[in-house]
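Asks: Structure incoming, see below.
The values are calculated or read from the model by the stated rules, or taken from the named source; none is laboratory data. A quick note: this is a predicted structure, and the numbers were derived from the prediction, not measured. Neighbour counts are summed over all protein chains in view; Cβ atoms, including those assigned to glycine, are modelled from backbone coordinates with ideal geometry.
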Amino acid sequence: MNSKTAIKIDADILLVIPIRPGYSGILPDLGLLYLYSALRDHDLSVAILHCPKEGIVDFAQWDAVLSANRHLKIVGFKSMSHDHNFIKKMAAAVKQYMPDCVTIAGGPHVTSLPEYVLQDMSPMLDYGFNGEGEIGFPKFCQSILNNKIVPSLVPGLVWRNGDKVNINARQVVADLDKLPRIRWEDIDLGSFPKWMSSLPFIPIMATRGCPFECTYCSAPTIVGRKMRYRSVENVLAELQHLKKVHGVGNVTFVDDELTINRRFFQQLCQGMIDSKLDLKWEANNGVRLDTLHEDNLELMYQAGCRYIAVGIESASEEILEKVKKKISIQTIREKVALVKRSKVVPQGLFMIGFPGETEQQINSTINFAIELDIDKTNFSIFMPLPGTASFNDMVAGGYLDLAAINWDDMKPDRTVFERPGCSSKRLKKLQRKAYWKFYMRPKPLGRLIHEFGFKSGGLGQLFSKIRSVFG
Ligand code: B12
Ligand code: SF4
């Protein structure tokens, strides 16, 4: 989009994925899709603007959108931590063009740091939202549109009361079958980048929750520790709808703990087989290796699963213990061998640069990834994400100053803070070495070229990944 061809929005409420320069992993956003569908179920007039997908990459383009849509009543932003500075500026622009338009932000960042966000974004951001929005957000929008907002009565709302920030208790949909049905028919799926088929990968979630407490991960803070499940029938109905009505051939399960309940997962896979869905799917968010067994791997393949990402993180028992991964190197070896014997392709997810991690430990992790003999891997640099024990410990210990964090750095491949004993420059070098050593071997390189080469825009994505690591 250029600033002269502004998008027209035919709605009162606009849900926004903020400007994310250089962002290439564009998928429909499940969080906003659930909110959109919940609002539509309440007969509210709402639209989604996915800035990266629409090519809105600078503030002049955002200004153009606002200038052409001065009728908006509510603008709601989805917030990852790296969105912080962008949301602040985008919300300020909303107030400039439409002083009466109400601004609100929800999602992982606000849920993890509600007080800070509302204080830092005063006065441009009117409200924040804590946790899942399917119940509270429609109530909020209705009361704003009716001029009857009583902030204390909206579950999950974060609001300023003089100098104080109030955080209302959350209310979540306990029975996930009662979540709104996603209105896929309102989404132009063809406008998203295509992957290996004619349509993009479609995200789907069968569960919410994670009972673990890995110190680097904020998922439990966002979705809670208690597991909630959709019924198998409910998930299958969505998959069938996606396949039959929208011609979707590939889906990606984005659950935090898709495989944790062996019985549920087996029934889900069996249901996919019995209903002859013939869909290809993956679980790319990192399943726990200790939940994988020979029988469910075989079922997964028959049910259409072709690829899973598995959380490994480190080759050091000491680090695994420190980050409360609750898995041993022995189990990792055994389970990786098990996955490799199945036809499902594993991608190992590793992390380097944990606080206190030595260069020797990082090198062992690189060698471990090679030794496990898997074809795909990801070496990310540890990020102290808000809502994690690591973040809280680092702030409490004075290693991280909340007021001085550059939120633009909270994204893949940035180093975020200086580690005693391993400078950021050195850490980036080690990350480059990890990728180089891992991928400059015939099998992994062959798979990489095969996969990215077959995606539409795949080579572009590959180059952007290479740039972010090696640039
Ligand atoms: C799926 C997923 C992805 C997918 C996204 C697919 C998609 N577009 O749907 C992919 C693989 C692309 C991805 C990438 C990354 N991810 Co991710 N991802 C997740 C995951 C596992 C689930 C998100 C999800 O779909 N949830 C389901 C929906 C229904 O929930 P939701 O999005 O949170 O939305 C609900 C509420 O938050 C709220 N809400 C959301 N937005 C708004 C807005 C308003 C106005 C309101 C009122 C409410 C509201 O209501 C929604 C409905 O209930 C979460 C973990 C988790 N459980 O949250 C991590 C998570 C969100 N990811 C995280 C991270 C760090 C990343 C990466 C930076 C990782 C990396 N190293 O590459 C990248 C960055 C991507 C980017 N630029 O945004 C962190 C974010 C932490 C933070 N504070 O920023 C999380 C929390 C995991 C973690 N490690 O702690 N991710
Ligand atoms: S890394 Fe996985 S198992 Fe650990 S807390 Fe996050 S979602 Fe749960």
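Asks: Among the residues of the range 208-223, which ones are of a type in the set (Gly, Ala, Ser) and either without any contact (Cβ under 8 Å) to a residue 40 or more places away in the chain or out of contact with any Asp or Glu (no Cβ under 9 Å at 6 or more places or on another chain) (or both)?
Replies: 218, 219
Asks: Output the qualifying pairs, or none if there are none: Cβ atoms under 6 angstrom, residues six or more apart or on different chains, first residue in the range 5-30 and at negative phi and modelled with pLDDT under 95, second residue more than 9 Å from ligand 1 (Cβ to nearest atom) and among the charged types (D, E, K, R).
Replies: Sorted first by the residue in the range 5-30, then by its partner, the pairs are 26/53.
So that you can scan it fast, the table gives a plain yes or no per residue for (1) surrounded by 14 or more Cβ atoms within 10 Å (Cβ to Cβ); (2) modelled with pLDDT under 90; (3) over 22 Å from the mean Cα position of the chain (by Cα):
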| position | (1), (2), (3) |
| --- | --- |
| 398 | no, no, yes |
| 401 | no, no, yes |
| 413 | yes, yes, no |
| 420 | no, yes, yes |
| 423 | no, no, yes |
| 429 | no, no, yes |
| 435 | yes, no, yes |
| 439 | yes, no, yes |
| 451 | yes, yes, no |
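Asks: Suppose the filter is more than 9 Å from ligand 1 (Cβ to nearest atom) and within 23 Å of residue 79 (Cα to Cα); does residue 206 pass it?
Replies: Taking the combined requirement at face value, the residue satisfies it.
Asks: Going through 370, 405 one at a time, which residue ends up being at pLDDT 95 or above, closer than 28 Å to residue 445 by Cα and not small (Gly, Ala, Ser)?
Replies: Sole residue among the options that is at pLDDT 95 or above, closer than 28 Å to residue 445 by Cα and not small (Gly, Ala, Ser): 370.
Asks: Additional query: Keeping to the range 277-324, report how many residues are modelled with pLDDT under 95, acidic (Asp, Glu) and either in contact with a Pro (Cβ under 8 Å, 6 or more places away or on another chain) or within 13 Å of ligand 1 (Cβ to nearest atom) (or both).
Replies: The total comes to 1.
Asks: Tell me, please, whether a residue that is in contact with a helix residue (DSSP H, G or I) (Cβ under 8 Å, 6 or more places away or on another chain), within 16 Å of ligand 2 (Cβ to nearest atom), among the small types (Gly, Ala, Ser) and not in a helix (DSSP H, G or I) can be found in the range 216-234.
Replies: yes
Asks: Does residue 116 qualify as being surrounded by fewer than 21 Cβ atoms within 10 Å (Cβ to Cβ) and farther than 22 Å from residue 28 by Cα?
Replies: So residue 116 passes the test.
Asks: Here are some conditions: (1) modelled with pLDDT of 95 or more; (2) within 16 Å of ligand 1 (Cβ to nearest atom); (3) at negative phi. Residue 376 meets all but one. Which one does it not meet?
Replies: Here residue 376 clears every test but (1).
Asks: For the range 62-87, which residues satisfy the criterion of being more than 16 Å from ligand 1 (Cβ to nearest atom), surrounded by fewer than 21 Cβ atoms within 10 Å (Cβ to Cβ) and among the polar types (S, T, N, Q)?
Replies: Answer for the range 62-87, where residues must be more than 16 Å from ligand 1 (Cβ to nearest atom), surrounded by fewer than 21 Cβ atoms within 10 Å (Cβ to Cβ) and among the polar types (S, T, N, Q): just 67.
Asks: Sort out which residues of the range 88-112 are crowded, with 24+ Cβ neighbours inside 10 Å and under 20 Å from residue 170 (Cβ atoms), and write them in order of number.
Replies: 104, 105, 106, 107, 109, 110, 111
Asks: Scan the range 246-255 and tell me whether some residue there is more than 15 Å from ligand 1 (Cβ to nearest atom) and buried (at least 16 other Cβ atoms within 10 Å of the Cβ).
Replies: Yes, some residue in the range 246-255 is more than 15 Å from ligand 1 (Cβ to nearest atom) and buried (at least 16 other Cβ atoms within 10 Å of the Cβ).
Asks: Inspect all residues belonging to the range 237-250 and state whether any of them is within 11 Å of ligand 2 (Cβ to nearest atom) and touching a helix residue (DSSP H, G or I) at 6+ places or on another chain (Cβ under 6 Å).
Replies: So far as the range 237-250 goes, no, none of its residues is within 11 Å of ligand 2 (Cβ to nearest atom) and touching a helix residue (DSSP H, G or I) at 6+ places or on another chain (Cβ under 6 Å).
Asks: May I pose another question? May I ask you to verify whether residue 93 is in a helix (DSSP H, G or I), among the small types (Gly, Ala, Ser) and either closer than 22 Å to residue 140 by Cβ or within 10 Å of ligand 1 (Cβ to nearest atom) (or both)?
Replies: For residue 93, the condition - in a helix (DSSP H, G or I), among the small types (Gly, Ala, Ser) and either closer than 22 Å to residue 140 by Cβ or within 10 Å of ligand 1 (Cβ to nearest atom) (or both) - is met.
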